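Before any comments, here is the structure.
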Amino acid sequence: MLELILCSLLTVFPDYLYRRYAQGKRFGKEITLFSVWYELRWGITACVMLTVALITVIFYFHPSTTSATLYYRTVPIVPETIGRVSQVHADFSAPVKQGDVLFKLDSAKQEAALETARRKIAEIDAALVAAQADVLKADAQIQEAKSSLQQASDELDVKRDLQKRNPGIVPQRDIEKLDVILTGRQGTLDAVTASKQSVMARVNSLLPAEKASAQAALAEAQVDLDKTSIRAGVAGRVEQFTLRPGDVVNPMMRSAGVLIPEGAGRRALAAGFGQIEAQVMKVGMVAEATCISKPWTVIPMVITSVQDYIAAGQFRGGEQLLEAQQTLRPGSILVFMEPIYQGGLEGVTPGSSCIANAYTSNHDVIAAKETGTSKRIWLHAVDAVGIVHAMLLRIQALLLPVKTLVMSGH
């Protein structure tokens, strides 16, 4: 409508002035409702053509959309294990800090496993003390076996020496008996030495390995116990948290609640523009937005990202061929806008619906020396008509509360 009024001021109105004052025709006499088309045909035709051209230029180079939203990500509150709720520490809607306990599951089984692991470590420590005592015992046995071996060896050497000096003074039977005793005591020494080595292997290798395994089992049991306390992964706010003691939670079926991270939906505005704007939408374009949750306010923004893919064209490979006619609605070009000034989105509720305009700027092209005069005039006109869309956005910002509260039957 605004474009039509502006175009009529440049076409129909001058045509009327010419016929009224130059040709002397009067409205209501020569110019009537029935003769308007004939009398003002040139102005009306030019007005229609100029209006269509102006609307085309405005909406192509300065696109607008009503599909703009402050999207925000939610974090599902999901336990890692199935269990029955024993305690709930969060309200239906409440702020939480990172690490705060939201609720606890029944942990009797995990506590028993943790206590078993602790007892196992204590048992291994006791076995280690006993093994160290066995090492001392083995040392004493080795010393005793060495003494006995030395005694038998000395006695055998004495009798052999006597036998050499005076053959027949020592019976051969006694020497053979001492030789057997010496061999037996050497075997005893070897046995107690091997026993000590076995005890040392148990002290130095087996028991430490068993203790390390028991400590790992203790750590695992502690992790399982910690999993029964479900904590907030990030700072934010829990909403619609209806979990109560006695409820059974299953991570495979549904989440226990929703956590909205702090600052979610307050950084960027996501807007979907028509596919025809694919060649126009560029990173760095200046934009404006007005949101229904903050009426009568126009927020200056800048485009920070333009998605290279249209979501309507995606498909998942499967057992069926792609049927193009199943795509009933054309997708949109998704762009992300951030406020130019810090705190520009303060007061705008995350998830709010907004209206957004983006404005093409050809300043660099106009300033370039190689740009021709006619092209400069055209680009100046393109940039100038953006003010029409800016006026339309402000009119929408003024009428949006009225439209919402009055026209929608609120």
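The values are calculated or read from the model by the stated rules, or taken from the named source; none is laboratory data. Being a predicted model, the structure only gives us computed values, none of them experimental. Here the Cβ is made from the backbone with ideal geometry for all residues, glycine too, and neighbour counts use every protein chain on show. Surface areas here come from the heavy atoms of the whole protein model, side chains and all, with no ligands, DNA or RNA. Shrake-Rupley method; radii C 1.70, N 1.55, O 1.52, S 1.80 Å.
Can you find, within the range 329-342, the residue that is least open to solvent (accessible area, probe 1.4 Å) among those that are touching a helix residue (DSSP H, G or I) at 6+ places or on another chain (Cβ under 9 Å) and assigned to a loop (DSSP other than H, G, I, E, B)?
Here the residue is Gly331.
Confirm whether Val180 is open to solvent by 70 Å² or more (accessible area, probe 1.4 Å), part of a helix (DSSP H, G or I) and of a type in the set (A, V, I, L, M).
Yes; evaluated as a whole, the condition is true for this residue.
Based on this model, can you work out whether Leu393 counts as on the phi < 0 side of the Ramachandran plot, out of contact with any helix residue (DSSP H, G or I) (no Cβ under 9 Å at 6 or more places or on another chain) and either in a helix (DSSP H, G or I) or surrounded by fewer than 18 Cβ atoms within 10 Å (Cβ to Cβ) (or both)?
Against the criterion (on the phi < 0 side of the Ramachandran plot, out of contact with any helix residue (DSSP H, G or I) (no Cβ under 9 Å at 6 or more places or on another chain) and either in a helix (DSSP H, G or I) or surrounded by fewer than 18 Cβ atoms within 10 Å (Cβ to Cβ) (or both)), Leu393 qualifies.
Going by the conditions given, is Ala152 modelled with pLDDT under 90, in contact with a Gly (Cβ under 9 Å, 6 or more places away or on another chain) and either within 30 Å of Ala212 (Cβ to Cβ) or open to solvent by less than 40 Å² (accessible area, probe 1.4 Å) (or both)?
yes
Per-residue answers, yes or no, for (1) in contact (Cβ under 8 Å) with a residue 12 or more places away in the chain; (2) under 23 Å from Leu400 (Cβ atoms); (3) surrounded by 12 or more Cβ atoms within 10 Å (Cβ to Cβ):
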{"residue": "Trp296", "(1), (2), (3)": "yes, yes, no"}
{"residue": "Ile303", "(1), (2), (3)": "yes, yes, yes"}
{"residue": "Gln307", "(1), (2), (3)": "yes, no, yes"}
{"residue": "Ile310", "(1), (2), (3)": "yes, no, yes"}
{"residue": "Gly313", "(1), (2), (3)": "yes, no, no"}
{"residue": "Gly318", "(1), (2), (3)": "no, no, no"}
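Sort out which residues of the range 343-390 are free of Cβ contacts under 8 Å to residues at least 40 places away in the same chain, open to solvent by less than 30 Å² (accessible area, probe 1.4 Å) and not in a helix (DSSP H, G or I), and write them in order of number.
Correct list: Asn362, Ala368, Thr371.
Name the pairs whose Cβ atoms lie under 6 Å apart, with the first residue in the range 330-341 and within 13 Å of Ala278 (Cα to Cα), the second among the charged types (D, E, K, R), and 6 or more positions between them or separate chains?
Every condition considered, the pairs that remain are Ile333/Glu277.
If a residue must be open to solvent by 70 Å² or more (accessible area, probe 1.4 Å) and assigned to a strand (DSSP E or B), how many such residues does the range 212-241 contain?
So the count comes out to 2.
Looking at the range 135-155 only, could you name the residues that are within 20 Å of Gln197 (Cα to Cα) and more than 60 Å from the chain's Cα centre (by Cα)?
Lys137, Ala138, Asp139, Ala140, Gln141, Ile142, Gln143, Glu144, Ala145, Lys146, Ser147, Leu149 - these are the residues of the range 135-155 that are within 20 Å of Gln197 (Cα to Cα) and more than 60 Å from the chain's Cα centre (by Cα).
Given the conditions (1) surrounded by fewer than 13 Cβ atoms within 10 Å (Cβ to Cβ); (2) under 34 Å from the mean Cα position of the chain (by Cα); (3) modelled with pLDDT of 85 or more, and given that Leu322 satisfies all but one, which numbered condition is not satisfied?
Every listed condition holds for Leu322 apart from (3).
Spot the failing condition for Leu102; the list is (1) open to solvent by 50 Å² or more (accessible area, probe 1.4 Å); (2) closer than 30 Å to Arg237 by Cα; (3) among the hydrophobic types (A, V, I, L, M, F, W, C), and only one is missed.
(1)
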